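Working notes, structure below.
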Amino acid sequence: MTSNTISLVHRGKILDIKNFDPNEILLNFIRNKLKKTGTKEGCAEGGCGACTVVLGELKNDEINYRAINSCITFLPTLHGKQLIIIEDLISKHGSLHPTQEVMVNSHGSQCGFCTPGFVMSLFSMFKKKSKFNDDEIKDCISGNLCRCTGYQPIIKAAKSLKNKNNIDHFEEIKENTINLLKKISIKSILIVKENKKYFAPTRILELKKIIKKNVNANFLSGGTDLSLSVTKEKKDINSIIYMNSISELNYIKNNVEYIEVGASTPLIDFESYIKKYYPDFTKILKRYGSPQIRNVGTVAGNIATASPIGDCLPLLLSLNSQVVLHSLKKIQALFLDSFFIGYRKTKLKKGQFIHSIRIPLLQNNIFKAYKVSKRFDDDISSVCAAFNLEIVKNRIQSIRIAYGGMAAVPKRAIYCERILLNSLMTEQTIHKAKQALEKDFNPISDMRASRSYRMEIAKNLLEKCCEEIKQKKSIGVYA
Ligand SMILES: Cc1cc2nc3c(=O)[nH]c(=O)nc-3n(C[C@H](O)[C@H](O)[C@H](O)COP(=O)(O)OP(=O)(O)OC[C@H]3O[C@@H](n4cnc5c(N)ncnc54)[C@H](O)[C@@H]3O)c2cc1C
Ligand code: FES
Ligand code: FES
């Protein structure tokens, strides 16, 4: 384990960074230490995209480019990666990068505050593929806010990128970048500064040894939740164990009966994988934060945070998923049903970590999920609902319904399920099932939604789900 130094690739060279606070945030490092002020701070909580930078990482001997929010990224997590910031986009001969050129030509910038963030998001898309459709363009910039230009000129700029040759100066030095990344990628690291420690193990075995001696340490995955206690609450985190450095935990497997997702798998990878099995899961994930958030955030982090409005949670609950927990001596699989025990409280014990999540593969079932939020993109749910049913000869043979945003924990609608089980989907049954939701939930009013709005939405989503199923299956339910 190397101490107190991280190495990353920047501007075609290895940059060693020593003697820094393990809680240091990447955006502050870029602006205050690198003295590059093109990357902006808008919200400092991952919501506006002004601070977007791009990371390059080795994947099967190729560089995988991902846009991230530097305002909620801990600096040491950059170890072994390539950092690309807005100033790096101009070539050494002084010419603009194609992603900058199209923004100029389409008048995609007015005050300019959001522009570096937009350009970096476009850059990550441009580096991934040479052809992209309108949905991909919208998705790519869904985590960037602009208050003055409006989005049409920016979308126009992105569309005109399709005609650009994607050989840029990064492509010209790609071999060199790959070699540099190979040189620095495999080490575990330990950073110690005063009373703060940061561990980034690369193996589970090593992780367990670290946990043994640092049982109170905070696990860090994507950091899209944990980092806010530093950036917003101005707290210090004394001991951090970075999970996303462990490649053994970054996997998705199909075990025939269930899909298993390793704890450090980014949501963006899970989002594409699960589409084939549960398209509605992907539909919800597309509206989960932004690509910058999903590029690093994980399902495991979402589960451990246990927020009542965590978007994966009602979906996983309705699918009867399990969470696989490891402690120093024990491995156990718990159903999510019994995992959430109070507001942001779970059964996780000290020193225990989420290893993976198991999602049953239910070939004969219908799975539907809905998210209602104030803004369509990049917003937290007011209510999120998931329905998993098996219908045989028009009768509901099995059913699991779960809601987020309706209680202190993501929760199943047991009374509602009881009404629907073994029933035909008649108007009368649906009405009764909607009424049963009043027994299942007593939601609160907050800044996202009032109590009555939440209840109304929960009922309407149930009805919407039933109507959609009836239309698709042509069930003769009114008979
Ligand atoms: C701008 C923004 C938008 C967001 N939008 C959404 C949204 O639309 N929907 C939504 O549900 N959430 C959203 N979130 C919340 C957040 O992205 C999720 O909760 C995310 O899944 C957390 O995952 P992470 O990997 O980043 O977790 P981290 O921040 O790394 O960790 C979160 C918590 O989980 C613990 N933890 C992490 N990994 C493990 C592990 N393997 N074992 C045990 N404990 C662990 C950490 O110690 C910490 O307490 C948003 C956040 C931001 C900043
Ligand atoms: S400053 Fe707003 S997302 Fe980072
Ligand atoms: S150009 Fe002013 S915020 Fe976008």
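The values are calculated or read from the model by the stated rules, or taken from the named source; none is laboratory data. Values in this document were obtained by computation on a predicted structure and should not be read as measured data. Neighbour counts are summed over all protein chains in view; Cβ atoms, including those assigned to glycine, are modelled from backbone coordinates with ideal geometry. Calculation scope for accessible area: heavy atoms of the full protein, side chains included, ligands and nucleic acids excluded. Shrake-Rupley method; radii C 1.70, N 1.55, O 1.52, S 1.80 Å.
A few points about this structure:
- Residues of region 371-397 satisfying the condition of being part of a strand (DSSP E or B) and touching an Asp or Glu at 6+ places or on another chain (Cβ under 7 Å): Lys371, Cys384, Gln397
- Residue selected from region 180-197 under the condition of a type in the set (A, V, I, L, M) and under 21 Å from Lys127 (Cα atoms), by the criterion most open to solvent (accessible area, probe 1.4 Å): Leu180
- Scanning region 32-55 for residues that are touching a Ser or Thr at 6+ places or on another chain (Cβ under 7 Å) and open to solvent by less than 10 Å² (accessible area, probe 1.4 Å) yields Thr39, Gly46, Gly49, Cys51, Thr52, Val53, Val54.
- Per this entry, Ser423 is not counted among residues that are free of Cβ contacts under 8 Å to residues at least 12 places away in the same chain and among the small types (Gly, Ala, Ser).
- Residue within region 40-59 that is away from ligand 1 (no atom under 16 Å from the Cβ) and in a loop (DSSP other than H, G, I, E, B) present: no
- Cβ-Cβ under 8 Å pairs, at least 6 apart or on other chains, region 160-179 side surrounded by 12 or more Cβ atoms within 10 Å (Cβ to Cβ), far side basic (Lys, Arg): Lys162/Lys131; Asn166/Lys127; His169/Lys92; Phe170/Lys127
- Test: Ile444 is open to solvent by less than 60 Å² (accessible area, probe 1.4 Å) and either among the β-branched types (Val, Ile, Thr) or in a helix (DSSP H, G or I) (or both): no
- Only strands (runs of 3 or more DSSP E) whose full extent lies in region 301-348 are considered here, and none of them has at least 2 residues that are surrounded by fewer than 21 Cβ atoms within 10 Å (Cβ to Cβ) and among the small types (Gly, Ala, Ser).
- Exactly one residue out of Ile210, Ile155, Ile178, Ile173 is in contact with a helix residue (DSSP H, G or I) (Cβ under 7 Å, 6 or more places away or on another chain) and modelled with pLDDT of 90 or more, and it is Ile155.
- Checking region 333-353 against the condition returns a match, with at least one residue being without any contact (Cβ under 8 Å) to a residue 40 or more places away in the chain, away from ligand 3 (no atom under 16 Å from the Cβ), of a type in the set (Lys, Arg) and in contact with a helix residue (DSSP H, G or I) (Cβ under 8 Å, 6 or more places away or on another chain).
- Matching option when the condition is assigned to a loop (DSSP other than H, G, I, E, B) and closer than 22 Å to Thr224 by Cβ, among Ser95, Ser142, Ser121, Ser109: Ser142
- Members of region 289-304 that are in contact with a strand residue (DSSP E or B) (Cβ under 9 Å, 6 or more places away or on another chain) and touching a residue at least 60 places away in the same chain (Cβ under 8 Å): Ser290, Pro291, Gln292, Ile293, Asn295, Val296, Gly297, Thr298, Ala300, Gly301, Ala304
- Failed criterion for Thr73 (all others in (1) open to solvent by less than 10 Å² (accessible area, probe 1.4 Å); (2) under 26 Å from Tyr198 (Cβ atoms) hold): (1)
- Any hit, region 131-149, residues being surrounded by fewer than 17 Cβ atoms within 10 Å (Cβ to Cβ), more than 16 Å from ligand 1 (Cβ to nearest atom), over 26 Å from the mean Cα position of the chain (by Cα) and not aromatic (Phe, Trp, Tyr): yes
- In summary, Lys127 fulfils each of the numbered conditions (1) under 24 Å from the mean Cα position of the chain (by Cα); (2) within 16 Å of ligand 2 (Cβ to nearest atom) with the single exception of condition (2).
- The set of residues in region 357-367 that are open to solvent by 40 Å² or more (accessible area, probe 1.4 Å) and within 16 Å of Cys312 (Cα to Cα) contains only Arg358.
- Gly310, sole failed condition from (1) near ligand 1 (Cβ under 10 Å from one of its atoms); (2) touching a strand residue (DSSP E or B) at 6+ places or on another chain (Cβ under 6 Å): (2)
- Residue match in region 14-31 (condition: basic (Lys, Arg), out of contact with any strand residue (DSSP E or B) (no Cβ under 8 Å at 6 or more places or on another chain) and either more than 16 Å from ligand 3 (Cβ to nearest atom) or open to solvent by 10 Å² or more (accessible area, probe 1.4 Å) (or both)): yes
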